[in-house]
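Below: one structure, written as structure tokens.
Here, each number is a calculation from the coordinates, and none is a lab measurement. All figures in this text were calculated on a predicted structure; none of them were measured in a lab. Reconstructed Cβ throughout: ideal geometry from the backbone, glycine too, with neighbour counts over all protein chains shown.
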Amino acid sequence: MSDNPLRLAVIIGSNREGRLAPVVANWFLGLVEAHPSYVLDLLDLAEVKLPETQAQKPAFLGAYDSPLVEAFAERIEAADAYVVITPEYNHGYPASLKHAIDSVYHEWKGKPVSFVSYGGVGGGMRAIEQLRLVFAELHTVTVRNTVCIPMARLAFDANGVPLEREPLETAAATLLTELGWWARALRSARSANGFPR
């Protein structure tokens, strides 16, 4: 591990019963834990309990009415970078993920985001393209390289190991390297200049 590791928040976006997310996440988290640049903070939206309705005050005002949202905001604020793990549902991403993203505002700013997606033939790419628009509004940098897992329910063996490991591991390594570059550059810029509010 480097002397000044990056704090990486991995957000599992699906909270559905019977979801494939734990299989995808466990595989990816194993790669993150072996990477020397990162300290991991896992935010599984099936376990991170946010209020079912939005706080009365909009998140962009920076005033959170709920202690649950405040705790979530603190973890988002502490991160240097994010990886969002998302399925594609009906050509989009889960409502639970949109709700979590919209629950906080300033804490995202000036940080990089990348994606691990899974789904049918497209591997979740349509979910990622929608998320890029959302995160652009939050003043983040979305990293070009992603991991997309097509036909995801057929892509892993009974132990959660990808049947075709090499292309997925290569994509994940590229993602983590590029994300690390952006995270260091933006952390340095935030430290020197803050981020315009």
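Could you grab me the full set of residues in the range 123-179 that are among the polar types (S, T, N, Q) and either in contact (Cβ under 8 Å) with a residue 24 or more places away in the chain or under 16 Å from I101 (Cβ atoms) (or both)? Listed by number, the residues that qualify are Q130, T140, T142, N145, T146, T174. When I101, I149, I128 are checked against the criterion of being aliphatic (A, V, I, L, M), closer than 21 Å to E74 by Cα and crowded, with 21+ Cβ neighbours inside 10 Å, I101 stands alone in meeting it. Applying the criterion of being of a type in the set (V, I, T) and under 14 Å from the mean Cα position of the chain (by Cα) to the residues of the range 105-125, the residue that is surrounded by the most Cβ atoms within 10 Å (Cβ to Cβ) is V116.
Scan the range 1-25 for residues that are loosely packed, with under 13 Cβ neighbours inside 10 Å and either hydroxyl-bearing (S, T, Y) or under 22 Å from E164 (Cβ atoms) (or both) and the total you get is 1. For the range 23-50, the set of residues classified as in contact (Cβ under 8 Å) with a residue 24 or more places away in the chain and of a type outside the set (A, V, I, L, M) consists of N26, W27, F28, H35, P36, S37, Y38, D41, D44, listed by residue number.
Can you find, within the range 180-197, the residue that is nearest to Y105 (Cα to Cα) among those that are hydrophobic (A, V, I, L, M, F, W, C) and either touching a residue at least 12 places away in the same chain (Cβ under 8 Å) or surrounded by 11 or more Cβ atoms within 10 Å (Cβ to Cβ) (or both)?
For the range 180-197, the residue satisfying everything is F195.
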